[in-house]
Amino acid sequence: MCIRDRNKGGLESIADLHVSFPKIKIIVLAGESYIKSGVVKKLAKHLGVINIFSKPFPPTLLIETVKKTI
């Protein structure tokens, strides 16, 4: 999922997903400037995010993370 959403914040979307599906595994894609905040990383991890990637990233990195996650 992309952490920035037009209708609501990405962390809010992650929290909603986590409440509805407590065992969901989420991989976040976000812009580098947004990820630099340690608070955002901690909150995302607390909400069950498996990994956070800063765009741009190598597609192979995402593929490997998905393989390890499923």
- [ ] Would you tell me the accessible area of F21, worked out with a 1.4 angstrom probe on the heavy atoms of the protein chains, in Å² to the nearest 10?
- [x] 120
Task: Extension gain from T60 to I24, taking 0.36 nm per residue of separation minus the Cα-Cα distance - done: 10.7 nm
Task: Residue-by-residue Karplus 3J(HN,Hα) for segment 17-25, coefficients 6.51, -1.76, 1.60, Hz, glycine and proline x - done: 4, 5, 5, 6, 9, x, 9, 5, 10
- [ ] Rounded to the nearest 0.05, what FRET efficiency do E12 and T69 give with R0 = 30 Å and r taken as the Cβ-Cβ distance? Could you check?
- [x] 0.85
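The values are calculated or read from the model by the stated rules, or taken from the named source; none is laboratory data. Computed from a predicted model, the values in this text were never measured in an experiment. Every residue, glycine as well, gets a Cβ built from its backbone with ideal geometry; the counts of neighbours run over all protein chains shown. Protein only, heavy atoms only, side chains kept; ligands, DNA and RNA dropped before computing areas. Shrake-Rupley method; radii C 1.70, N 1.55, O 1.52, S 1.80 Å.
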